[in-house]
Amino acid sequence: MEELFGQFSFGLFILQTVLFIGLILLLKKFAWKPILDAVNEREEGIKDALLSAENAKKEMMALKSDNQKLLDQARAERDVMIKEATAIKEKMIADAKSEAQSQGAKMIEQAKATIESEKNNAVAEIKNQVSSLSLEIAEKLLKEELSNKDSQTKLVEKMLADVKLN
């Protein structure tokens, strides 16, 4: 270490100090400012990116909220449409039932009228047949009773007696 102090040159020391200060000034003027500007520019870029990310996050939250509102609105509309469709379906079913009941009642009335008509026709037919049969039977009885002369006179006398009584 003593050797270092023994070889110390004051002129060299001043020259090295001046060169060092000159180098610092040159670096400050030409290198330091661009380096600091690049660092500051990078810092500003990072801040802008963070702000953009924050804004994007807020926009995403707003979009998510809007999407949720739209989904809720769509669900509400779907529920209303389902209720309307259900009401229409129930009304159609009720209308169909009432129409079927009225048609059934009309058919029953028509069937009753047809049955009554057929019954009346059948009763008239039976009466006609009964009267025809009665006439045939009466004719046969009269022929048989009137076949001999004694029966004929008795019948005429009986009828005359009935006429007088009335």
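The values are calculated or read from the model by the stated rules, or taken from the named source; none is laboratory data. None of the values given here were measured: they were computed from a predicted structure. Every residue, glycine as well, gets a Cβ built from its backbone with ideal geometry; the counts of neighbours run over all protein chains shown. With ligands, DNA and RNA removed, areas are computed over all heavy atoms of the protein, side chains included. Shrake-Rupley method; radii C 1.70, N 1.55, O 1.52, S 1.80 Å.
Taking the helices alone, the chain has a mean residue ellipticity at 222 nm of -33500 deg cm²/dmol, built from -39,500 (n - 2.57) per DSSP H run of at least 4 residues and averaged over all its residues. Restricting to DSSP loop positions (anything but H, G, I, E, B) with no more than 14 other Cβ atoms inside 10 Å of their own Cβ, which chymotrypsin sites (Phe, Trp or Tyr not before Pro) remain in the range 1-74? Here the sparse-neighbourhood loop sites are PHE8. 3J(HN,Hα) along the range 26-38, derived from phi through the Karplus expression 6.51 cos²θ - 1.76 cosθ + 1.60 where θ = phi - 60°, amounts to 4, 5, 5, 6, 9, 10, 4, 5, x, 5, 5, 4, 5 Hz, with x in place of Gly and Pro.
Computed with every protein chain present, the accessible area of GLU99 is close to 90 Å² [probe 1.4 Å]. Taken one residue at a time, the phi angles of the range 150-161 give Karplus couplings (6.51, -1.76, 1.60, θ = phi - 60°) of 5, 5, 5, 5, 5, 5, 5, 5, 5, 5, 5, 5 Hz. Gly and Pro are set to x. Mind telling me which of ALA31, ALA62, ALA53 comes out most flexible in a GNM of the chain, alpha-carbon contacts under 10 Å? Comparing ALA31, ALA62, ALA53 in a Gaussian network model of the chain, the most mobile one is ALA31.
Please say if the chain is rounded, prolate or oblate, where rounded means a/c under 1.5 for a ≥ b ≥ c the square roots of the C-alpha gyration tensor eigenvalues, and otherwise the choice is prolate for a/b larger than b/c and oblate otherwise? Walk me through the numbers before you get to the answer.
Values: a/c = 15.62, a/b = 10.70, b/c = 1.46.
Verdict is prolate for the chain.
Here the range 33-76 and the range 115-166 have alpha carbon centers that stand 119 Å from each other.
Comparing ASP79, ASP37, ASP66 in a Gaussian network model of the chain where C-alpha atoms under 10 Å apart are linked, the largest mean-square fluctuation is found at ASP37. 3J(HN,Hα) along the range 47-55, derived from phi through the Karplus expression 6.51 cos²θ - 1.76 cosθ + 1.60 where θ = phi - 60°, amounts to 4, 4, 5, 5, 4, 4, 5, 5, 5 Hz, with x in place of Gly and Pro.
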